[in-house]
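For reference, the structure discussed in these notes is given below.
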Amino acid sequence: MSWKEDKSGLRGLFESRLISLRTLFLLGFAALSVRLLYMQLGRGYHYALASQENRVQTLFEPAPRGFFLDRKGEAIVNSQPDLFLFFAPEAHDSLERERVQAHLDRLLPAPRDIGAGFKAGLLTRNLSRAEAIRILESRPSLPGLRIGLNPRRRYLWGKLASHVLGYVGRISRSEYGVRSLEGYGLKDTLGKSGLESFYDSILRGTPGASLIEVDARGRQVRFLDEKRPESGSHLVLTLDRTIQEAAERALAGTRGAAVVVDPNSGAILALASSPGYDPNLFSSSLPLSPEMKERLFSEKGSRPLWDRAIQAQYAPGSIFKIITALSGLEEGVIKPDEKIHCPGFIEVGNPPRTFRCWQRQGHGEMDLSGALINSCDVYFYEVGKRLGATKLKAAAIRFGLGAPTEIDLTSEEKGFVPDPQWKKDHPNIQEAWYEGDTVNMSVGQGYLWVTPLQMACMTAAVANGGTLFRPTLVSEVVDSRGATRRPFAPEVLQRHPMDPEHLQWVHLALEAAVARGTGHLARLSGLRVAGKTGTAQNPQGKDHAWFVAFAPVEKPRVALAVCVEHGGTGGAVAAPIARKILKAAFPEAEELPSPSRLPASATATVEIGD
Amino acid sequence: MTFADFKERYLHRMDWALLAAVVGLSLFGVVILFSALSRQGTVHLFVGKQIFALALGMALAALLLTFRYQILQAPAPWLYIISLILLLALLFVGHRIHGARSWFTFGGFSFQPAELAKMTLILCLGWLISRPSFQEKPLSSALLACGLTALPMGLVLLQPDLSSSLVFPFILLGILWASGISAFWLISLAVIGLVSMGLPLAQALLKSLGKTEIDFLRVAMIILLFEGLIFAGAWLARSLRLLRTPAKALLPCGLFLGALVVGTFTAFALDATLKPYQKMRLAAFVDPSLDPFGAGYNIIQSKIAIGSGRIFGKGLFSGTQSQLGFIPEQHTDFIFPVIAEEMGAVGGILVLLAYAVICLRALAISQEATDRFGAGVALGAACMFFFYVVTNLGMTMGVLPVTGVPLPFLSYGGSALVANWAAVGLLLNIHIRRFAN
């Protein structure tokens, strides 16, 4: 009758079908339960970590890089925040991305493509404050767009001391490979040259990080934890901005270098190389233009990145005669008042070779003072002959030649001082050392190579009586809280006290060389300047012009070396540059109206050369 | 009716387990909705609407208890036709949300006719299998059932609302299976349905993948030709008495052929009429990885939410995945991850248990039903609930494709809540009147 009591086939079939359905249901619920328990109990830890990663975002905050201050404590390099815009996509639907893109296009003058996919990317750097504020104001409609802050290195005086300061840039792959162990990250900024590179670990500081809880749109919900970045330490430099500026101005238009050092401590007051460059170029993340690259890196642009003060090596020419003179006196091969005849040439060796004085007709009878004043070659040929190669080399070494000065800059060249053994072993020469080589060396020619910095240090040692200081650029390291971390102490590399009488002779002779000799274009009234010109012959072209000086003679406070590559004679080219630098160092000294009051002979000498 | 009468009729016969499970889920759903929406300013509006719908659904269920359910048997086809008309009207006057016309709106309320249609389909199929003609001609009745299902399903698909349409064939399969139709026919029908539905989907997928090297038309032609040859050969062999093939083996072949034709036609019709984003939707429905920023991301976040709940959960209102907005659609399709994250395995298993009680009690009610109509309706409801739970939970746990099927009694959505409560009302009615008298 009724469906329920009908035990016919259909009802039975229904019952059995219900059993299969019930089985299916039970299996379904069992499977769901197993899956749920597997996810929550079996893999719960994994998912809990994932949810933690989801919600917690670590934002690294770069540490402000330490500043550079000059010796008066005035900032010359600082770091200024650079606002940049980046896209950290958490938007998962493409419609929303299109909306963000459209909105962004309206806000920024230059279109930025936020791209597709989950890829995060930098959209633009150097955002102006106005742009940043506009974007921040529209943040709710720009999910995923964030504004970051990166301190940008600013060289406040542009080209000033560019070679000393160096520049910074994004760490390269190879640099990262070397320095990753020191805690450098792949996106860190690294000092690439100069002090920026040498003191990078002190300057960089420790980056901070904040842990923030974010929602699915990347919006900050709350701070969880924060570690403030620790600013890098500031460096107080020994540089005197006035002198540095004067040196650079005086060198302008030349290829050359000038180094000014305090002979009592080795502190560098100025270190200039010409031409210079503006390190700010590298702070901007914009790629360099091809013209700029041409100017910065090619020979045609005189290689402005090259620091001629420490990396260029030239023959010293006549400025080496100071070493020859002092060595002759110390070794006792000459007496200060001993006269040597200069007929305009000397014959050396067997078979004899003629070495000429620059003054073809000869200087006549020359004592030490006259020889230094007139830069008589024959006199020093004779002294060199008497000293011999070994003693001459030892003297050069005592004044720091042939070795790095250990200045706190990277890539310093160490110059070269030859000796007989070297000459014999040299694969391209393989010759015996002739007396002529010694003679050549005694006037700073031949195989001698020096850097302008070495000559400044040598001059300082002459000025202070034989102490070779390690030249330094940093007088103090001040940490971000203002505490002095590393006060500067003068460091002596070599000390070879000299007979004060000998020193006196040489100082006076060098003073006379400026007052009425080859270096007269470096004269200043009211300041006793001692100096020596040098004109280094070289196979590449015009002579290199040298001038070294220290002042005041009675109590030297400044020693300097000037070198102008292929500039001509030292007296005509380098000495006036030195005068301008000295004027800046001693503002109380006065320029002489004109060299017309000078003895005609001295003027004439200089016109020809030395 | 005296109280004793009422007690005798209702309280003593009530299916308390089913009722407890449904009431528990519904109330829990309101609480969890608070948590899921707590980030939004409109939480009270949403929860208020949900509570209103819950009250409406409970009232409807109570109303459905007051009369013998058999009263619905005769007008079932008419109810079905009304819902068809509503679905049809929807295509012209429906309110468009997210590109689909799925809603009638009046005032602040909206109504989703697809939810009504699934209930009337259950009633109508129950009516169909309880007809005497069903026992005489089960096969043609089964074909009629397919047609009855295809109509509302097709109309829902045209909105286009894929997720709402999926429940229809599942209800059909369940009822047909229980009605005793032979497994052979059932499988044949299922395959045919899959082919006719699968072809347009496959075409949409291939199109959006940009695989132009696959010439869909040519593939379809080759299949048709192949099938035609088999069919013609079999027919020929049979008519020449070379082969003693029963006629019923040929029928599915012919039907299959027809399904191919229909499917191919639909594919081209869809291709010509659907807008690109609608095609993309179809394609993403077949392969969610086509839309990694939508479905792929959602599933990852959903799984993280569920897994990170661990044993006891992060506490109500304290789920980081849910409260920080990592879970998409967390008040509708992805409500379960919120529960599992905040209440842990304890909450998740309790929810599963409640659903198991509902589904198994519905099957039991179907078994106890006093007539075929009641048995069919209860079974349809059981299959409907089971389908929702498995596809939704399977989706949130990353084992089934993303279909956008809501979770009964928990997901936000008034029409669904009312319809589900109506189903519960019917189930309780059938249960209470399980005795012949």
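A few remarks follow.
- Using θ = phi - 60° in the Karplus curve 6.51 cos²θ - 1.76 cosθ + 1.60, the 3J(HN,Hα) couplings for the range A:143-157 round to x, x, 7, 10, 10, x, 10, 10, x, 9, 6, 10, 9, 5, 10 Hz; x is entered for Gly and Pro.
- Mean per-residue shielding of peptide B:323-334 is 3, counting Cβ atoms of other chains within 10 Å of each Cβ.
- Inter-label distance, residue A:170 to residue A:492: 5.0 nm, where each label sits 7 Å from its Cα along the C-beta direction.
- Rounded to the nearest Hz, the phi-derived 3J(HN,Hα) couplings of the range B:179-190 under the Karplus curve 6.51 cos²θ - 1.76 cosθ + 1.60 (θ = phi - 60°) are 6, x, 5, 5, 4, 4, 5, 4, 5, 4, 5, 4, where x marks glycine and proline.
- Within 10 Å of each Cβ in B:297-307, the average number of Cβ atoms from other chains: 5
- Label point distance in nm, residue A:99-residue B:63, each placed 7 Å from Cα along Cα→Cβ: 3.9
- Among the residues of B:171-180, the average count of other protein chain beta-carbon atoms within 10 Å of the residue beta-carbon is 3.
- For residue A:467, distant residues with modelled amide H under 5 Å away: A:496
- Mean shadow area of the protein assembly as shown over all directions, Cα convex hull, nm²: 62.3
- Each of residue B:5 and residue A:538 was given a label point 7 Å from its Cα along the Cα-to-Cβ line. The distance between the two points is 12.4 nm.
- Cross-link partners of residue A:72 among aspartates and glutamates (Cα-Cα below 18 Å; sequence separation of 8 or more within a chain): A:240, A:245, A:262, A:476, A:479
- Between residue B:187 and residue B:240, the FRET efficiency estimated from the beta carbon spacing at R0 = 30 angstrom works out to 0.60.
- In this calculation the C-beta distance from residue A:223 to residue B:312 is compared with R0 = 41 Å, giving a FRET efficiency of 0.90.
- Measuring between their Cα centroids, the range B:90-131 and the range B:298-360 lie 29 Å from each other.
- Residue A:149/residue A:74 FRET efficiency (R0 25 Å; Cβ-Cβ; nearest 0.05): 0.45
- For chain A, the Cβ-based charge dipole about the Cα centre amounts to some 2100 debye (Lys, Arg positive; Asp, Glu negative; other atoms uncharged).
- Positive dipole terminus of the protein assembly as shown, leading residue within B:376, B:258, A:372 (C-beta point charges): B:376
- Which of A:283, A:525, A:375 has the fewest Cβ neighbours within 10 Å, and the rest in rising order: A:525, A:283, A:375
- Relative exposure of A:496, B:44, judged by other C-beta atoms within 10 Å (fewest first): B:44, A:496
- When each of A:259, A:474, A:383 is scored by the number of other beta-carbon atoms lying within 10 Å, the sequence from fewest to most is A:474, A:383, A:259.
Here, each number is a calculation from the coordinates, and none is a lab measurement. The structure presented is a predicted model; accordingly, all values stated were derived computationally and were not measured. Because the Cβ atoms are built from the backbone with ideal geometry, glycine has one as well, and the counts that use them run over all protein chains shown.
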